[in-house]
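One structure below.
Just so it is clear, none of the values below were taken in a lab; they were calculated from the coordinates. Just so you know, these numbers come straight off a predicted model, no measurement behind them. With ideal geometry, Cβ positions are generated from the backbone for all residues, glycine too; neighbour counts draw on all protein chains shown.
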There are 4 protein chains.
Amino acid sequence: MIKTDKYGIVFNKLKSNILEEWNLYTKHKFVQKISDGSLDKKLYLKYLKQDYVFLIHFSRAWALLVAKSKSVNEMRIASATLDALVNEEIQLHIKTCKAEGITEEQLFKTEEELNNLAYTRYVLEAGYSGDFLDLLVALSPCVFGYGEIGLNLKSISKSDNPYISWIDTYNSKEYQEVCMNIGSLLDEATQDRLGKDFVNNTLWPKLEKTFLIATKLEIDFWEMSLKPE
Amino acid sequence: MIKTDKYGIVFNKLKSNILEEWNLYTKHKFVQKISDGSLDKKLYLKYLKQDYVFLIHFSRAWALLVAKSKSVNEMRIASATLDALVNEEIQLHIKTCKAEGITEEQLFKTEEELNNLAYTRYVLEAGYSGDFLDLLVALSPCVFGYGEIGLNLKSISKSDNPYISWIDTYNSKEYQEVCMNIGSLLDEATQDRLGKDFVNNTLWPKLEKTFLIATKLEIDFWEMSLKPE
Amino acid sequence: MIKTDKYGIVFNKLKSNILEEWNLYTKHKFVQKISDGSLDKKLYLKYLKQDYVFLIHFSRAWALLVAKSKSVNEMRIASATLDALVNEEIQLHIKTCKAEGITEEQLFKTEEELNNLAYTRYVLEAGYSGDFLDLLVALSPCVFGYGEIGLNLKSISKSDNPYISWIDTYNSKEYQEVCMNIGSLLDEATQDRLGKDFVNNTLWPKLEKTFLIATKLEIDFWEMSLKPE
Amino acid sequence: MIKTDKYGIVFNKLKSNILEEWNLYTKHKFVQKISDGSLDKKLYLKYLKQDYVFLIHFSRAWALLVAKSKSVNEMRIASATLDALVNEEIQLHIKTCKAEGITEEQLFKTEEELNNLAYTRYVLEAGYSGDFLDLLVALSPCVFGYGEIGLNLKSISKSDNPYISWIDTYNSKEYQEVCMNIGSLLDEATQDRLGKDFVNNTLWPKLEKTFLIATKLEIDFWEMSLKPE
């Protein structure tokens with residue numbers, strides 16, 4: 001059984017098309033170093049700072065998704081996700097960074113690196129130029145990939161791993177539920193627009209391409225995270 | 001003392017420029033009929049249905065505001081407002097309509113009238129084509145006008161007024177706090193962008209024009225609401 | 001034979017679905033008064049001024065279409081149309097108005113009426129929130145309707161009609177070619193996205209609705225044009 | 001005398017703030033290799049292919065600028081630039097590539113590299129999220145930098161340089177006029193929005209930051225161009 005089955009049929013279809021890139025992303029060296037606890041603390045702190053900037057732009061993209069919704073139900077799920085990102089996840093991030101000695105002011109001054117900027121602007125622009133589904137698919141690799149990483153790492157990481165709280169966040173029941181809810185949203189939104197036989201819809205290949213590019217941009221994000229500041 | 005002083009300096013400056021139109025909006029015949037309880041129930045039900053469609057697009061505009069934010073604080077306030085609109089106000093609206101015998105399905109099938117469409121598309125387009133401040137100003141007449149109407153009507157309406165719960169909603173401590181918070185957001189966002197001496201900034205007249213047009217579109221909304229379906 | 005056959009299959013399919021509204025638009029009283037030359041000159045001048053404001057926003061929508069293009073060919077046709085609108089049609093309009101004693105300054109100060117604003121903001125917002133095809137369909141009733149009106153009026157209007165140059169503009173070989181080129185663009189863009197069997201694509205009904213609303217907004221534009229300033 | 005004086009005061013102000021980065025861009029090793037003719041032909045061909053993809057997205061950004069214009073004059077200049085890009089420059093590019101043995105089909109299949117994608121999506125997103133001026137400033141380093149490079153290289157390159165036609169393109173009277181026209185547009189648009197004393201306007205630092213980031217993204221584009229495919 002594939003662990004991500006519960007994330008819905010559309011995501012799993014998209015993932016199965018590009019398993020090689022998907023594994024390069026979810027099993028990246030950076031992830032392995034989190035998993036066995038060998039990641040240099042300095043790299044982790046750099047990652048936290050870049051990820052703070054990422055989360056801000058990623059939240060803006062979720063907000064755009066609400067603006068592009070076509071039903072009250074779509075708005076409800078997207079705006080709940082947005083609210084969780086802005087009023088919980090970013091706050092949690094600020095707290096985590098504070099515990100590591102990084103003040104909110106330092107976070108705010110973080111210089112956004114190229115690979116970070118490339119990823120969020122790609123997603124936002126896909127959303128502005130395209131429609132709801134184009135944007136939701138561009139957001140998908142991040143949402144579901146972290147869920148899958150959480151599941152994978154939980155089963156193999158030791159409890160004294162210095163990064164266990166990061167792992168626990170994405171393995172948590174709450175985060176896994178987010179993945180399932182967004183998985184349902186993606187399934188419904190896809191079928192509402194492209195029909196039950198969505199893989200044969202003329203628009204499907206464009207979505208596959210968007211998913212592939214966003215996955216590659218996740219790999220590039222990890223690559224950046226392995227380089228010292 | 002002006003009741004709306006607590007809504008901040010930018011709003012009160014914008015309002016004071018166009019007092020004539022502002023009064024045509026906030027003291028419109030439709031509002032008077034709510035105030036003395038003489039509004040035809042059928043017109044009220046029509047208003048509720050059109051307002052449901054309005055709220056959906058208005059929420060989309062608040063979502064766009066989050067996407068256009070330039071600081072975490074702006075995002076926080078805008079996304080909290082959005083969440084309240086989508087996950088509380090629209091739900092309350094559905095409940096109110098249900099109590100009046102209008103099902104959610106009927107609400108969903110409401111045919112959007114011209115004046116309704118004109119207003120929300122104007123606001124959304126102002127946001128897409130402009131920046132955060134252009135959009136926030138376009139959203140302002142609705143937010144603050146309803147607050148002011150709530151205050152005005154509460155002081156003159158009788159408790160057996162059939163529309164007392166509508167009046168109470170906008171006179172409520174919660175809604176008045178929303179107006180104060182968004183008033184602060186507007187003050188800060190304006191001064192961050194146009195400086196302390198914002199009225200002399202070259203960009204100010206454009207904002208005045210946006211505020212005027214959105215106020216006129218509120219008047220047109222009430223006009224529409226006085227015409228039977 | 002239907003005169004608009006040469007405007008392509010997608011437009012004719014969309015039109016055939018809503019023949020009643022289409023005729024209310026293309027055979028509107030305002031059009032009839034142009035046709036028999038009985039239109040009050042003052043109303044014509046008012047129309048010219050409102051149409052100037054309309055053209056500016058309509059051109060902005062064509063620009064957005066270029067931004068949302070998915071191929072160089074789409075960009076080419078859309079940007080050629082935009083260039084013709086901005087650097088020819090708007091200039092021609094300024095010249096026509098000048099001949100009628102309306103200066104460019106007066107044109108620029110024209111106060112945009114509600115029905116005018118509603119139409120262009122609807123189209124622009126459909127474009128910003130949706131994708132290329134949503135926007136192209138929203139632009140269609142204007143483009144093809146004026147072409148059809150040009151054909152209809154030419155065959156019945158007398159050469160001493162005071163509005164003959166208006167009629168000649170839309171009946172001209174150049175304008176009819178624009179309609180045919182955009183008809184081809186619409187056919188190709190639809191089939192590229194929704195497939196050959198586009199009418200059975202899940203996304204088709206949304207496009208039908210957009211076409212209907214934009215057609216109704218054309219009717220509202222004529223209604224406005226019959227009312228004195 | 002500074003060669004770029006004729007490109008207007010706003011551009012020269014922005015450039016003078018970040019001379020170090022500006023020189024890293026306009027005097028980059030890739031440019032030097034064009035200048036002395038030592039650039040590996042394979043790298044040049046790779047550059048042409050990536051630049052084709054760049055031009056498509058860059059043209060989309062110019063189209064968005066038309067959509068965000070606030071006056072007919074702004075629309076006129078921006079849409080003329082867009083038309084030149086789409087109906088001349090991209091065509092010229094296709095021809096140049098053909099002469100080098102790269103077919104249009106190959107161009108179309110070019111896989112967009114990370115640094116290329118980062119740049120155009122940054123510009124487009126700056127435009128979608130911001131206003132006309134934000135977007136025009138994001139477009140500036142490319143427009144004016146190539147103009148300056150054209151001037152610089154013409155004076156030092158030999159006529160038998162294999163890349164002389166590339167140099168001639170950007171040194172040409174036509175391209176230099178484009179730079180002057182867009183320089184005037186930038187000067188007027190800035191002063192219309194931020195006033196004569198624009199450098200003291202609260203919004204100015206945001207524009208400086210946008211100009212800096214876009215300049216850095218130009219450097220990253222050259223870096224990419226030095227790496228073999």
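Which residue, D:65, D:225, D:135, has the largest displacement toward the positive end of the dipole of chain D when charges sit on each Cβ (Lys, Arg +1; Asp, Glu -1)?
The residue sitting most towards the positive pole is D:225.
Which order do A:137, C:53, D:66, A:143 fall in if you start with the one that has the fewest other Cβ atoms within 10 Å?
Least to most surrounded, the residues fall as C:53, A:143, A:137, D:66.
With charges set only on the Cβ (+1 for Lys and Arg, -1 for Asp and Glu), what does the dipole of the range A:122-229 come to about its Cα centre, in debye to the nearest 20?
The dipole of the range A:122-229 has a size of about 200 debye.
Which distance in nm do the two modelled labels at residue B:24 and residue A:73 give, with both placed 7 Å along the Cα-to-Cβ direction?
4.3
Just to be sure I understand: chains A and C are related by a rotation, so which residue of A has its Cβ closest to that axis, and how close in Å?
Axis-proximal residue of A, distance in whole Å: A:131, 2.
Provide Rg and Dmax in Å for the range A:3-226, with only Cα atoms included in the calculation.
Taking only Cα atoms of the range A:3-226, I get Rg and Dmax of 16.9, 52 Å.
Quick one: order C:163, B:122 by neighbouring beta-carbon count within 10 Å, fewest to most.
Arranged by neighbour count, lowest to highest, C:163, B:122 become C:163, B:122.
Beyond 45 Å, what share of the Cα-Cα pairs of the protein assembly as shown remains, rounded to the nearest whole percent?
Summing the P(r) of the protein assembly as shown above 45 Å gives 30 percent of all pairs.
Projecting each Cα onto the charge dipole of chain D (Lys/Arg +1, Asp/Glu -1 at the beta carbon, about the Cα centre), which of D:108, D:181, D:54 comes out farthest on the positive side?
The residue sitting farthest along the positive end of the dipole is D:181.
Using Cα pairs under 8 angstrom and six or more residues apart, how large is the relative contact order of the range D:3-226, in percent?
36
Between their Cα atoms, which of C:29/C:154; A:206/B:70; A:41/A:227; B:42/B:158 are more than 19 Å away from each other?
Listed pairs above 19 Å: A:206/B:70; B:42/B:158.
Report, for residue A:17, each distance to the same residue's label point in the other copies, shortest first and in nm; define the point 7 Å along Cα→Cβ.
2.7, 4.2, 4.9
Within 10 Å of each Cβ in D:188-197, how many Cβ atoms from other chains are there, averaged over the peptide?
Counting other chains' Cβ atoms within 10 Å and averaging over D:188-197 gives 2.
Per-residue Cβ counts within 10 Å, from other chains only, averaged over D:107-116: what number is that?
Mean shielding by partner chains, rounded to a whole number: 2.
Using the Karplus curve 6.51 cos²θ - 1.76 cosθ + 1.60 with θ = phi - 60°, work out ³J(HN,Hα) for each residue of the range A:83-98 in order, rounded to whole Hz, and write x for Gly and Pro.
Here the 3J(HN,Hα) series is 4, 4, 5, 6, 9, 10, 4, 5, 5, 4, 4, 4, 5, 4, 5, 4 Hz.
Compute the distance in nm between two label points, each set 7 Å from the Cα along the Cα-to-Cβ direction, one at residue B:181 and one at residue D:36.
In this crude spin-label approximation the distance works out to 6.3 nm.
Choose one answer from D:65, D:85, D:139: the residue with the largest mean-square fluctuation in a GNM of chain D with alpha-carbon springs under 10 Å.
Maximum among the listed residues: D:85.
Between residue D:172 and residue D:208, what is the FRET efficiency for a Förster distance of 30 Å, r being their Cβ-Cβ separation, to the nearest 0.05?
0.50
Work out the length of the dipole vector of the range B:3-226 about its Cα centre, built from +1 on the beta-carbon of each Lys and Arg and -1 on the beta-carbon of each Asp and Glu, and round it to the nearest 20 debye.
Its charge dipole is roughly 200 debye.
Write down the Kirkwood hydrodynamic radius of the range A:88-135, to one decimal in angstroms, obtained as one divided by the mean of 1/r over all alpha carbon pairs.
About 12.7 Å, per the Kirkwood formula over Cα pairs.
Between the range D:101-163 and the range B:14-89, what's the alpha-carbon centroid distance in Å?
Comparing the Cα centres of the range D:101-163 and the range B:14-89, I get a distance of 44 Å.
Suppose you put the label 7 Å out from Cα in the Cβ direction; list, shortest first and in nm with one decimal, how far residue A:73 is from each other copy's label.
3.8, 4.0, 5.3
How large is ³J(HN,Hα) for each residue in the range B:45-54, as worked out from phi by the Karplus curve 6.51 cos²θ - 1.76 cosθ + 1.60 (θ = phi - 60°), to whole Hz, x for Gly and Pro?
Listing the rounded values in order: 5, 4, 4, 4, 5, 5, 5, 4, 5, 4 Hz.
What is the magnitude of the charge dipole of the protein assembly as shown about its Cα centre, with +1 placed on the Cβ of each Lys and Arg, -1 on the Cβ of each Asp and Glu, and no other charges, expressed in debye to the nearest 20?
Rounded to the nearest 20 debye, it is 0 debye.
Springs between alpha-carbon atoms under 10 Å, Gaussian network over chain C: tell me which of C:80, C:61, C:99 tops the mean-square fluctuations.
In the Gaussian network model the winner is C:99.
Compute the semi-axes of the equivalent ellipsoid of the range A:190-229, taking the square root of 5 times each eigenvalue of the Cα gyration tensor, and list them largest first in whole Å.
33, 8, 5
Pick from B:101, B:127, B:183: which residue has the top mean-square fluctuation in a GNM of chain B where Cα pairs under 10 Å get a spring?
Ranking B:101, B:127, B:183 by mean-square fluctuation puts B:101 first.
Placing the label point 7 Å from Cα along the Cα-to-Cβ direction, what are the distances from residue A:169 to the equivalent spots in the other copies, shortest first, in nm to one decimal?
3.8, 4.6, 6.0
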